[in-house]
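Right, one structure below, let's go through it.
The values are calculated or read from the model by the stated rules, or taken from the named source; none is laboratory data. What you see is a predicted model, and the numbers here were worked out from it, not measured in a lab. Here the Cβ is made from the backbone with ideal geometry for all residues, glycine too, and neighbour counts use every protein chain on show.
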Amino acid sequence: MEYETTRNEQETMKGKGENHRVKKLILFLLVLMGLFAFPVIKPPLFFLTLFFSVFMYIGLTESWNLLGGYTGYISLGHIAFFSTGAYTTAVFMNRLGVSPFATAILGGLFASVLAAFVGYPVLRLKGAYFTISSMLLSVVMQLIFMNWEFVGSSTGLWYKLLPVRIEVNRVIFYEVMLSLATVITLLVRWVERSKFGAGLIAIREDEDVAKTMGINTPWLKMRAFILGAFLAGVVGGVYGYYMSYVHPEVTFNINTSLLIMLMAFFGGCRTWTGPLLGAAVLSLANQLIVTFIGAEISRILYGLLLVIVIIFMPDGVIQYVRGMFTRQRIGAQL
Amino acid sequence: MKRRRIEVAAFILAISAVLSGGYSEIAAQPIKLGGSLPATGIHTETSKWIKQGYDFWVEDVNKRGGLLGRPVRMTLYPDQGTTEEAVAYYERAITVDKVDLVFGGYPATSNVALMPLVEKYGKVFIGMGAHMKSFEQGFTYSFASPPLMSDWIYLSLGGVLDDLIPRGDWPKSIALLTANNVMGLSAKPNILKAMEERGIKVVVDEMYNLPLSDATPLVSKAKGKGAEILCCLSFFDDAVMIMRAAKTLNYAPKLIFQQLASIVPAWMKELGEDGNYVINSSFWHDRLPFPGNSEINEGAKARLGMPAGPLFFGFSYSWMKTLELAVQGAGTLDNTKIRDYLRSNKFDLPYGKGITFDKRGLPDPFCYAVQTTGGRVELVWPKSVATTRFVYPRPAWSK
Amino acid sequence: MSLSYIIESIISGLLLGGIYALLSVGFGLTWGTMKVLNISHAVFAVLGAFLAYWFFVKAGIDPILSLPFLVVLLFLAGAVVYRLVIRSVTKAKDVIMASMVATFGVAIVIENVMSFFWRPDPRILKPPYTASSIFVGEMAISKGPLIGFCMAILAIALLYWFLHHTYTGKGVQATWQNPMGAALVGINPEHVSLITFGLSIASAGAAGVAMALIYAFYPSLQSVWTMFVFMVTIVGGVGSVIGTALAGLLIGFIIGVCAAFLPFVWVNVLLFALLLIILLFRPQGLFGS
């Protein structure tokens, strides 16, 4: 009798668990379908541009988090890969007339080549030294691009415009960036649950121990770095086309790097949901504040947020909020 | 009964008041004009006069009955001179504020990204453009009237040399200091070519990133090479720093040429006596014998308390005047029709009569040379419009 | 190219290098003693420059005279930042990373507050002596950088004297070398940290005033100065005042030589590339251990 009850209980729990997972999946698919279908109701253009920016930051933050959150190597040079992608599509369009939608992948590839090349020496550095080097990469690249005629130096490069109405234009970019954000997020989620991801997390926990356990740490770090760079490059390639213009001071903007890091920390950099939430909330807030109040105010606010997050919510805002509820529950039980 | 009649009368009165008020409201619905302009940052000294020109034109056109019989209302967002902000504000003006027309954009570093944006949204964009490369991208909605075309300023330096200085007295060498942005890059090649053609040796050819922190190394090089022309393809603050460094190092070339800095009122304020006898290129001057200039000067007197229109004031007024003529001429706010009207008609503007715009949106190439004399900006070239004696070589620095 | 021009360029570079040394000394101090990587160090230098500017423009007070007052003011600012941010950060598991990110936030906040209230327009501090030079034959040595350099050397000397010849200063050194031991002999570590951080920021402010005598400045210049601070500190070795001073002069020398021979725009690229190479192959610096 007891045995049966236990079996029943077990089966019920398992059933509940699966039920729960299916419910989550359905919810997720519904939201996704809603987002893809959004343009059908002919929303004001302003929303399409707003969401484009949100999707872009989701893609950038998730791809950053492979090395930043999972592995614990904070890079402030992610935008170098973003820019490589943007410039790749720009140059291909300018010189060969090829559409960026075809060359964006190429942009990602060039970015990964750069990552491989730079990552080899730079990933051997630890902590702060790595971060400073990554920042230097971005700064030096910007300076070089400002003086390199092939990429338009300080004049920049223009793209040929899509021969469609602005409404169609905005819808196209909305859907493309939404697709990219979805693919990137799912990819990062898959990595998190794979052996690859487990290895990265082991490195973050204690790199020396991971090494002694036989994990090939340099190779894993490289993979994370290169994959993150590839994804950022593809996003950049599309972004350039969206703006129809690239310029070193626009694409290599240090504030973007800062925002990406903040978004990951704010949302919680340990899982795939953190950057998603952080990017969605903060890029939305940032766009609205910049458009309606001012760029400086926005930067002051997210500078403060960075300080607050680091000191009070090192695991991200979700964990912090959850923590608040757990504590309450514990108190209630007493 | 009497009460009833009074009530009815009051009711009819009220209705007619509302209707007449409402009707005049509809007739007077304003035309919305939007955009952004640097209010702070490295463009402050030039863009404050651009804004005055805009304000003056809006006031002026509304006094004359507005555009197409409707008052013009402008929404000009202040930006910091960065490209991203300009794009964000223009996109907001177009998609959120739903403006009918847009301002022509200043400076060039913002226009590079604004020109494709307005092309996508189909808005006529009359301003300074972003130099020649930007006009070769096939944009159809952008016009420059007048263009502040860096690619053409070699005409003024060359003209001054050819027509105003005897061959035997020509300076023998030139130091070229160029700000690393689209403005400097567009000006440089043609100037280099112009110097080569005249046999003037280019002894220093340096670029610098903005904002410029220290001009001493650059000027030191120019002095070290004994360059007789100091040519600054600079904005305002950097040009002032270069001048100061030249004075500090006691470097006194025969001719100093500036791209835009010395035509700004703050130039004399910053440099005092040392701001004089500097040659600058310009695409308009308040003493040019063209229609609209008397209005500009009167406006300057009334609004700014200045004897004549400062140059950037005149530029922006011309841009708006061109838009005004095009809208009135096309008789509609349909930007595509306005664009087509601009391409197929002649215009009499403060910088020239019978101006036509080509496929790229540009008038025929031209450029004036001005010289700061006695604290004022005076025309020196072409000789036919000169308003002052050309001074060469440049006198020594003041003590 | 004449020899005098090259020497002029080198002297210019050395003067600048001395000021970079002062700018970096405080940064190395907090990194070495508290393991705090203070990315906001340079923004306080810009703040110092702005304050000296306002004192000069609004009250006509020469920067040389306002300097002592500004140093005190910035020491207090440093103490405030310490209490609000740094103290919490030193309790983190990975102090270096946490301090780096947190001070990044502080830097952004202060930079944009300055930008908001004082505008991002470039400013020039121009007391009359900055408009003239001392002439040695054909060479011109601008007075502005010369005076800035003197300020810097004086400040570095004072700092060195403080660290090695005063009780508090020796306490700072003791805490750095052996925190446990220092605490055991009764040195209050928090006290020491507060003073160290305050001094660090004060020295940054002083360096900012000196910089302002050479450079035009604006709020976002702080990120450029931050790169130079890294460079000098890493080359000189973290925490060594003498090492940092030498590194500053060395970098100034390199700047002077490069400016004489290279196109202007490539000087910075070269420097940052050099820094990258040093980070990769000799992160302890040229003079460090």
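For the stretch C:157-174, indicate whether the set of residues that are away from chain B (no Cβ under 14 Å) and within 16 Å of residue C:76 (Cα to Cα) is non-empty. Give the steps one after another, and end with the answer.
As a first pass, look at the stretch C:157-174 and keep what is away from chain B (no Cβ under 14 Å): C:157-174.
From what is left, the residues that are within 16 Å of residue C:76 (Cα to Cα) are none.
Within the stretch C:157-174 (the criterion being away from chain B (no Cβ under 14 Å) and within 16 Å of residue C:76 (Cα to Cα)), the answer is no, since none of the residues qualifies.
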* Selection within the stretch C:54-79 - β-branched (Val, Ile, Thr), in contact with a helix residue (DSSP H, G or I) (Cβ under 9 Å, 6 or more places away or on another chain) and free of Cβ contacts under 8 Å to residues at least 60 places away in the same chain -> C:61
* Working only within the stretch B:29-63, note down all residues that are surrounded by 19 or more Cβ atoms within 10 Å (Cβ to Cβ), among the polar types (S, T, N, Q) and in a loop (DSSP other than H, G, I, E, B). => B:40
* Taking the stretch C:178-215 on its own, how many of its residues are at pLDDT 90 or above and touching a Leu at 6+ places or on another chain (Cβ under 9 Å)? -> 18
* Structure fact -> Restricting the stretch C:232-285 to residues that are hydroxyl-bearing (Ser, Thr, Tyr) and crowded, with 21+ Cβ neighbours inside 10 Å, the one farthest from the other protein chains (Cβ to nearest Cβ) turns out to be C:244
* How about the stretch B:295-399: which strands (runs of 3 or more DSSP E) wholly inside it have at least 2 residues that are small (Gly, Ala, Ser)? -> B:352-355
* To do: Residue by residue through the stretch B:233-261, note down the ones that are within 11 Å of chain C (Cβ to nearest Cβ), within 25 Å of the chain's Cα centre (by Cα) and in a loop (DSSP other than H, G, I, E, B).
  => B:235
* Please specify each residue of the stretch A:211-242 satisfying the condition of being without any contact (Cβ under 8 Å) to a residue 12 or more places away in the chain and either of a type in the set (D, E, K, R) or surrounded by 20 or more Cβ atoms within 10 Å (Cβ to Cβ) (or both). => A:211
* Structure fact -> Selection from the stretch B:121-140 of residues under 18 Å from residue B:36 (Cα atoms) and within 11 Å of another protein chain (Cβ to nearest Cβ) yields B:121, B:122, B:123, B:130
* **Flag for residue A:288 being among the aliphatic types (A, V, I, L, M), within 29 Å of residue A:125 (Cα to Cα) and out of contact with any Asp or Glu (no Cβ under 6 Å at 6 or more places or on another chain)** => no
* Just checking, how many residues over the stretch B:71-103 are closer than 18 Å to residue B:328 by Cβ, crowded, with 18+ Cβ neighbours inside 10 Å and among the charged types (D, E, K, R)? -> 1
* Please specify each residue of the stretch B:71-93 satisfying the condition of being farther than 21 Å from residue B:44 by Cα and either more than 9 Å from every other protein chain (Cβ to nearest Cβ) or at pLDDT 95 or above (or both). => B:71, B:72, B:73, B:93
* **Hits in the stretch C:262-277 - residues which are within 19 Å of residue B:185 (Cβ to Cβ) and not β-branched (Val, Ile, Thr)** => C:263, C:264, C:266, C:268
* Scan of the stretch A:141-193 for residues that are more than 30 Å from residue C:262 (Cα to Cα) and part of a loop (DSSP other than H, G, I, E, B), ordered by number -> A:159, A:160, A:161, A:162, A:163, A:164, A:165, A:193
* To do: Report, by residue number, each residue of the stretch C:177-194 that is surrounded by 15 or more Cβ atoms within 10 Å (Cβ to Cβ) and closer than 19 Å to residue C:79 by Cα.
  => C:187, C:189, C:192, C:193, C:194
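Taking the stated definitions as given, is residue B:182 aliphatic (A, V, I, L, M), in contact with a His (Cβ under 8 Å, 6 or more places away or on another chain), crowded, with 20+ Cβ neighbours inside 10 Å and within 30 Å of residue B:347 (Cβ to Cβ)?
yes
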* Hits in the stretch A:79-102 (condition: within 22 Å of residue A:250 (Cα to Cα) and surrounded by fewer than 24 Cβ atoms within 10 Å (Cβ to Cβ)) -> A:91, A:92, A:93, A:94, A:95, A:99, A:101
* Go through the stretch B:185-231 and count every residue that is surrounded by fewer than 22 Cβ atoms within 10 Å (Cβ to Cβ) and among the hydroxyl-bearing types (Ser, Thr, Tyr). => 1
* Structure fact -> In the stretch A:130-157, residues that are surrounded by fewer than 17 Cβ atoms within 10 Å (Cβ to Cβ) and facing another protein chain (nearest Cβ under 7 Å) total 1
* Asked: Within the stretch C:104-135, restricting attention to residues that are away from chain A (no Cβ under 14 Å) and basic (Lys, Arg), which residue is farthest from residue C:78 (Cα to Cα)?
  -> C:126
* **Sole residue being in contact (Cβ under 8 Å) with a residue 12 or more places away in the chain, over 30 Å from residue B:197 (Cα atoms) and not hydroxyl-bearing (Ser, Thr, Tyr), chosen from B:153, B:126** => B:126
